[in-house]
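Report on the following structure.
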Amino acid sequence: MLANVYARSEMIYDALYVLSQMDSLNIQASISTYDSLMYNIRTADVVSDLYKGIRASGVSCSEYTHNIFIDGLCKQKRLGEAMSCFQEMRSRKELTLCTVIFNTLISGFSNAGSVDVAKSFVAMMFKYGCVPDRFSYGSLLHGLCVVGRMEEALELCEDMEREGMKLDVVTYNILINGFRLLGLMSWVWKLIHEMILKGLDPDLVTYTILICGHCESGRVDVGMKIKKEMLERGFQLNVITYSVLLNGLSKQGRICDVDKILEEMKAIGLDMDIVAYSTLIHGYCKLGEIDRALQICNMMCSKIVLLNSFGYGAILSSLCKKGMVVEARCILDTLTNSFQSVDVILYNMVLHGYVKLGNVSAALELYEKMLTGGIIPTIITYNTLILGFCKTGKLNEALNFKKTIELNGLVPTVVTYSTLMDAFCGAGDVASMLQLFDEMVGKAIMPNVIIYSIVMKGLCKQRRLQGAIDILKDMHMKGIGVDVITYNTLIQGFCEAQNRKMAFRIHNEMLQQNLTPTPVTYNFLINVLCHNGHTYWAERLLKALLDKGVKLRKFAYNTIIKAYCVKGKPQEAITLFEMMVTKGFEVSIEDYSAVINRLCKRHFTNEAMIFLNKMLLAGISPDLELVATFCSAYHYKNDITQLFALQCMIFKRGLLSINTHKRSIK
């Protein structure tokens with residue numbers, strides 16, 4: 001009796017303790033006690049041990065015992081073991097093939113998305129004289145909907161009706177949810193109308209699916225209208241419905257509406273569950289409302305509801321993204337000190353926060369604490385630490401941690417190698433980078449497009465451009481999708497080598513691959529044209545791109561403007577500068593200074609003064625270096641009048657201090 005009560009109360013380990021005490025007193029538990037306990041713990045890992053214990057005790061298992069065990073394996077997603085047990089029990093003739101056992105297997109495989117296997121069990125039922133019932137079809141229907149095979153799901157419904165089974169609200173809800181998962185809300189409404197025509201009223205589940213679908217598609221207002229309609233029809237909304245609305249409103253940043261929903265829940269006396277709390281915390285964190293998220297945590301503590309790893313993860317992640325790693329660490333330490341369950345994911349978040357700030361010593365200290373606390377680091381832990389060492393230039397330490405990965409029985413990933421290779425490439429150690437690449441290939445770790453791009457960058461730095469081209473060909477041969485970054489890396493390499501023709505050839509190949517060049521691509525091409533003295537063609541390219549609606553960066557304009565100044569074409573420089581301003585780019589003192597300096601060096605002081613006046617009209621004050629540039633230019637031309645006029649203008653505007661004037665006049 002005591003063991004049964006513990007089992008029904010889901011006090012698993014207490015029930016198991018009672019069984020162990022019975023065993024020590026040589027009291028044999030009955031199979032009904034074992035069955036009761038197995039049923040209540042069927043989703044826990046210990047069910048296998050209990051089943052083995054029953055068989056070892058010599059107690060005769062009932063049909064129910066075998067069914068529960070297979071059901072437990074299915075619910076734990078241990079489908080391979082469930083299939084093996086089913087076949088083994090059949091071969092030992094311990095299992096009578098009936099609708100119940102088939103339904104268990106159909107449900108298990110359908111829930112896991114293995115719909116074809118589930119269908120084979122339905123076929124097997126007919127073979128052994130078992131008739132599929134509503135549960136059989138419902139489980140299979142659910143599986144088809146989960147994997148998006150809606151056409152087959154509709155055909156199955158037709159089969160059910162041919163078998164004399166009328167479609168009920170539960171069946172329609174399964175179909176409606178399937179179309180909701182695919183975002184086909186028009187089909188959802190069509191099925192609801194079909195339900196109503198057949199005299200079936202949508203229930204709470206139907207409305208919740210509807211609200212969920214509209215919230216997922218960003219139409220939260222429609223979801224709110226449906227909620228209002230539900231209340232008018234006398235439905236008592238549950239915590240799941242409210243959680244869906246809270247999630248949708250949080251994603252849209254509608255804090256006021258979130259507060260209203262919370263007040264509404266409070267008014268009807270509806271307590272939030274762990275999922276609702278976690279959803280709310282996650283929503284607040286996404287909006288950057290960390291204080292509100294922490295308030296929810298405190299509310300949970302007052303109601304003795306323990307926040308799960310998902311909720312704490314949202315808070316720690318948001319704090320770290322805002323650079324508030326000290327606060328994140330404080331929460332993590334509080335959790336650890338209060339003996340709450342803290343997993344490696346939470347540690348990894350704070351580790352990444354430290355690394356992002358460049359505080360590798362704090363990251364290492366936390367890593368040591370993980371080890372002493374019995375938390376086993378994952379590959380993400382080591383990759384984060386390697387990134388930290390690479391960012392701070394400690395490449396030997398980064399390599400040592402790669403060895404630590406292998407010593408701990410883990411396998412370095414593409415991320416591990418890409419981080420290390422990029423760091424060595426940035427440090428100019430291309431030989432070590434290539435050595436890591438060879439090691440990676442030797443370990444049968446397939447390089448991705450990022451790895452190849454890093455290798456290309458390293459080869460381009462050493463002007464081994466043919467080697468970089470060979471890498472591109474190798475990528476095409478292996479079917480690795482070449483992206484824009486890869487082509488930009490090559491274009492940059494040829495531009496830096498002043499090989500204009502090859503740079504444009506790669507650009508053309510990029511277009512042939514249906515890849516859209518970025519503003520960075522055109523920055524390189526315009527820059528190489530200007531460096532080769534082809535400012536006319538650079539401007540023609542710029543205008544052609546603008547005509548096509550290509551958005552360019554300010555760098556492209558400035559490059560051509562500077563080239564015109566160098567070539568002694570101030571009017572063209574002024575025209576292009578004005579075009580840049582009309583395009584809405586924010587022009588800084590650095591932009592003006594770059595042009596004025598080049599014009600003054602070539603003694604185009606009048607044009608330089610035009611730029612100075614534009615600068616003053618834009619409300620930008622010249623600095624000492626700019627005034628000194630004008631002073632030097634007028635001094636060179638021995639134009640004391642203009643020099644004095646400049647000083648008076650600057651002084652009148654109050655743009656520079658008296659001391660600055662004294663220095664520039666001297």
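The values are calculated or read from the model by the stated rules, or taken from the named source; none is laboratory data. Every value quoted in this text rests on a predicted model; they were computed, and no experiment measured them. Don't worry about glycine lacking a Cβ; one is built from the backbone with ideal geometry, like all the others, and counts go over all protein chains shown.
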Residue list for the range 125-136, filter: farther than 20 Å from Lys77 by Cα, part of a helix (DSSP H, G or I) and in contact (Cβ under 8 Å) with a residue 24 or more places away in the chain: Met125, Arg134
Test set (1) part of a loop (DSSP other than H, G, I, E, B); (2) over 25 Å from Lys322 (Cβ atoms) - Val342 fails condition number: (2)
Search result, residues across the range 451-468 that are of a type outside the set (Phe, Trp, Tyr) and buried (at least 18 other Cβ atoms within 10 Å of the Cβ): Ile451, Ser453, Ile454, Val455, Met456, Lys457, Gly458, Leu459, Cys460, Leu465, Ala468
Considering residues of the range 4-17 that are closer than 18 Å to Ser48 by Cα and not hydroxyl-bearing (Ser, Thr, Tyr) only, the residue surrounded by the fewest Cβ atoms within 10 Å (Cβ to Cβ): Glu10
Any hit, the range 358-376, residues being of a type in the set (D, E, K, R) and assigned to a loop (DSSP other than H, G, I, E, B): no
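Out of curiosity, is Gln28 of a type outside the set (Ser, Thr, Tyr) and touching a residue at least 24 places away in the same chain (Cβ under 8 Å)?
Yes; evaluated as a whole, the condition is true for this residue.
Here is a yes/no grid of residues against (1) closer than 30 Å to Gly113 by Cα; (2) assigned to a helix (DSSP H, G or I):
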{"residue": "Ala15", "(1), (2)": "no, yes"}
{"residue": "Leu19", "(1), (2)": "no, yes"}
{"residue": "Gly53", "(1), (2)": "no, yes"}
{"residue": "Ser60", "(1), (2)": "no, no"}
{"residue": "Asn67", "(1), (2)": "yes, yes"}
{"residue": "Ala82", "(1), (2)": "yes, yes"}
{"residue": "Phe86", "(1), (2)": "yes, yes"}
{"residue": "Arg90", "(1), (2)": "yes, yes"}
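What tally of residues in the range 349-366 results from selecting those that are of a type outside the set (A, V, I, L, M, F, W, C) and surrounded by fewer than 21 Cβ atoms within 10 Å (Cβ to Cβ)? Write out each step before concluding.
Step one: list which residues in the range 349-366 are of a type outside the set (A, V, I, L, M, F, W, C), which gives 352-354, 356, 358-359, 361, 365.
Then keep just the ones that are surrounded by fewer than 21 Cβ atoms within 10 Å (Cβ to Cβ); that gives 356, 358-359, 361, 365.
Residues that pass the stated criteria total 5.
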Phe86, sole failed condition from (1) touching a Cys at 6+ places or on another chain (Cβ under 7 Å); (2) free of Cβ contacts under 8 Å to residues at least 24 places away in the same chain: (1)
Members of the range 124-146 that are surrounded by fewer than 17 Cβ atoms within 10 Å (Cβ to Cβ) and either within 13 Å of Gly108 (Cα to Cα) or β-branched (Val, Ile, Thr) (or both): Val131, Phe135
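Residue-by-condition table, conditions (1) over 12 Å from Leu73 (Cα atoms); (2) at pLDDT 80 or above:
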residue	(1), (2)
Ile12	yes, no
Ser20	yes, yes
Ser24	yes, yes
Ser32	yes, no
Ser36	yes, no
Ile41	no, no
Ala44	no, no
Val47	no, no
Leu50	yes, no
Test: Ala29 is assigned to a helix (DSSP H, G or I) and either aliphatic (A, V, I, L, M) or surrounded by fewer than 13 Cβ atoms within 10 Å (Cβ to Cβ) (or both): no
Residue selected from the range 137-171 under the condition in contact with a Cys (Cβ under 9 Å, 6 or more places away or on another chain) and not in a loop (DSSP other than H, G, I, E, B), by the criterion farthest from His193 (Cα to Cα): Tyr137
Index of the failed condition, Thr372 passing every other in (1) of a type in the set (S, T, N, Q); (2) touching a residue at least 12 places away in the same chain (Cβ under 8 Å); (3) farther than 30 Å from Cys425 by Cα; (4) surrounded by fewer than 17 Cβ atoms within 10 Å (Cβ to Cβ): (2)
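Listed here are the residues, each with its yes/no results for (1) under 16 Å from Met421 (Cβ atoms); (2) assigned to a helix (DSSP H, G or I); (3) under 29 Å from the mean Cα position of the chain (by Cα); (4) of a type in the set (D, E, K, R).
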| site | (1), (2), (3), (4) |
| --- | --- |
| Leu459 | yes, yes, no, no |
| Lys473 | no, yes, no, yes |
| His476 | no, yes, yes, no |
| Thr489 | yes, yes, yes, no |
| Cys495 | no, yes, no, no |
Options Gly353, Gly373; residue that is small (Gly, Ala, Ser) and within 22 Å of the chain's Cα centre (by Cα): Gly353
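Each row is one residue, and each column tells you yes or no for (1) over 30 Å from Ser110 (Cα atoms); (2) β-branched (Val, Ile, Thr); (3) in contact with a Leu (Cβ under 8 Å, 6 or more places away or on another chain).
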{"position": "Met38", "(1), (2), (3)": "no, no, yes"}
{"position": "Asp49", "(1), (2), (3)": "no, no, no"}
{"position": "Arg55", "(1), (2), (3)": "no, no, no"}
{"position": "Thr65", "(1), (2), (3)": "no, yes, no"}
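Taking only the range 554-580 into account, find how many residues are assigned to a loop (DSSP other than H, G, I, E, B) and loosely packed, with under 14 Cβ neighbours inside 10 Å.
Count: 1.
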Near pairs, Cβ below 7 angstrom, 6+ apart or cross-chain, from the range 527-554 (modelled with pLDDT under 85) to any residue that is loosely packed, with under 14 Cβ neighbours inside 10 Å and in a loop (DSSP other than H, G, I, E, B): His531/Gln498; Asn532/Gln498
Qualifying residue in the range 431-448 (condition: within 19 Å of Leu490 (Cα to Cα), among the β-branched types (Val, Ile, Thr) and modelled with pLDDT under 90): no
Residue identified as at pLDDT below 80, under 23 Å from Lys356 (Cβ atoms) and in a helix (DSSP H, G or I) among Cys297, Cys330, Cys285: Cys285
Checking Val411 against (1) buried (at least 18 other Cβ atoms within 10 Å of the Cβ); (2) in contact (Cβ under 8 Å) with a residue 24 or more places away in the chain, the condition it does not meet: (1)
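Does the range 402-415 include one or more residues that are within 15 Å of Leu364 (Cβ to Cβ) and small (Gly, Ala, Ser)? If you could, list the steps in order and put the result at the bottom.
Initially, the range 402-415 is screened for residues within 15 Å of Leu364 (Cβ to Cβ), giving 404.
After this cut, where a residue has to be small (Gly, Ala, Ser) as well, the list is none.
Checked the range 402-415: no residue is within 15 Å of Leu364 (Cβ to Cβ) and small (Gly, Ala, Ser).
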